[in-house]
Amino acid sequence: MNGSLLLRNATLLDPATGHYTEGDLHCVDGRITEECPDGTRSLDVRGAVVLPGLIDAHVHVTASTADLGSLPSTSPSYVALHAARTMSRMLDRGFTTVRDASGADYGLADAQAEGLLRGPRLQFCGRALSQTGGHGDSRTRGTNVRDDHPCCAGLGRVADGVDAVRTAARDELRKGAHHIKVMASGGIASPTDRIDSTQYSAEELRAIVLEAEAANRYVAAHAYTARAVNRALELGVRSIEHGNLIDDRSVELFLSHDAFLVPTLVTYWALKQEGREHGLPESSWRKVDEVLGAGLTALERASRAGVKVVFGTDLLGGMHRHQNHEFRLRAEVQTPLEVIRSATTTAADLLNLTGEIGTLAVGAYADLLVVEGDPLDDIGVLAEPKHFRHVIQGGEVVLG
Ligand code: ZN
Ligand code: ZN
């Protein structure tokens, strides 16, 4: 269990340069090293391509159903076991690190880090901050009581007003949040808001950004329209989630603020195909068309302009199995190398883990994906996990 491993005869893909090199890869104590001690277990990977383990920067590991309104009344222990299975399967799909975009907490992150559950390294934000009637308020119109019991498995918490959002942000930071998630526009899986609404006042958003920055953390905002995205970027939000309806001004703001865009195309694709079977209410299903087609156009526009684009999926419930299909959707408007960078080097930058993950450099975690085929030539190599020969995490072979 010391995480030492020697990969022999490897074809190594460096996502930063897009170049292949032939050679051996050494891992000691969970990290990539120059050399291995004598007697280290070795694995011959001749004929396969080795790249860094994949990073998905927008997941909800606790989303055991697409009916998010039912989560707060579901047993936390049941949801935790669902999350354990979801995380285990993400690892099988080559994702050695994920960033949770609301729902996961320090309990799941600690359990993963201690080896209690099998899954990707986990960055979490706890509950997403939402205004009353916002994307994180799961009440239907007829529900007036709010049950914010902190032990329940909801994805959001409602806070209104500058003082209340400061307290909510501080409370999530107190629980170890790696970033603060805010709902800055309407969404699909929320019962009472509209996609084109902006959410939170400028004063509230700014207060949340300042609290995150005070703790050396950052804010990620759920936002669809240019109006919501541009406002969030101007107020200091670092990571825009979805961003399907951005405009030219958004692109300028991403570049001038050095911000990240995290599209989540596959979730719309999956929701359209089978969302209703997985508990997505009819009212939410009808919202999908508003954002489906626009997402690819937004990705193309941002990518061409040099915006830092990161891989995200945002899948819910039984639709998690489509996670790798995001690679194929993006390849319609990006080169395979650009898509691979979004799930390795650029994602590592967003997670503030540059040089630690998403790279084969000496000193990085030995999180590796060994695949059959050339992913620079055919993105299908990553879009279909049947091409994976091994998944390695911290120098341990966890698949294959
Ligand atoms: Zn969202
Ligand atoms: Zn999400």
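The values are calculated or read from the model by the stated rules, or taken from the named source; none is laboratory data. These numbers come from a predicted model, not from an experiment. Reconstructed Cβ throughout: ideal geometry from the backbone, glycine too, with neighbour counts over all protein chains shown.
So which residues in segment 96-122 are touching a residue at least 60 places away in the same chain (Cβ under 8 Å) and either part of a helix (DSSP H, G or I) or surrounded by fewer than 23 Cβ atoms within 10 Å (Cβ to Cβ) (or both)? If you could, list the steps in order and put the result at the bottom.
In the first step, residues of segment 96-122 are kept if they are touching a residue at least 60 places away in the same chain (Cβ under 8 Å); the result is 96-97, 99, 101-102, 105-106, 109, 118, 120-122.
Matches in segment 96-122: Tyr106, Ala109, Arg118.
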Counting just the residues of segment 330-353 that are in a loop (DSSP other than H, G, I, E, B) and among the hydroxyl-bearing types (Ser, Thr, Tyr), which one comes out nearest to Thr297 (Cα to Cα)? Thr335
Residues being touching a Leu at 6+ places or on another chain (Cβ under 9 Å) and part of a helix (DSSP H, G or I) - total across segment 314-324: 4
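Return the residues of segment 222-231 that are within 19 Å of the chain's Cα centre (by Cα) and more than 10 Å from ligand 1 (Cβ to nearest atom); say none if nothing qualifies.
First, pick out the residues of segment 222-231 that are within 19 Å of the chain's Cα centre (by Cα): 222-224, 229.
The one that is within 19 Å of the chain's Cα centre (by Cα) and more than 10 Å from ligand 1 (Cβ to nearest atom): Val229.
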Tally of residues being farther than 10 Å from Arg31 by Cα, without any contact (Cβ under 8 Å) to a residue 24 or more places away in the chain and not in a strand (DSSP E or B) across segment 354-400: 3
Taking segment 46-56 and the residues there that are over 10 Å from Phe95 (Cβ atoms) and in a strand (DSSP E or B), the one that is farthest from ligand 1 (Cβ to nearest atom) would be Ala48
Where a residue in segment 304-316 is in the same structural domain as His257 (by TED's automatic domain parsing) and its partner, wherever it lies, is more than 16 Å from ligand 2 (Cβ to nearest atom) and part of a loop (DSSP other than H, G, I, E, B), with Cβ under 7 Å and at least six apart: Phe311/Ala343
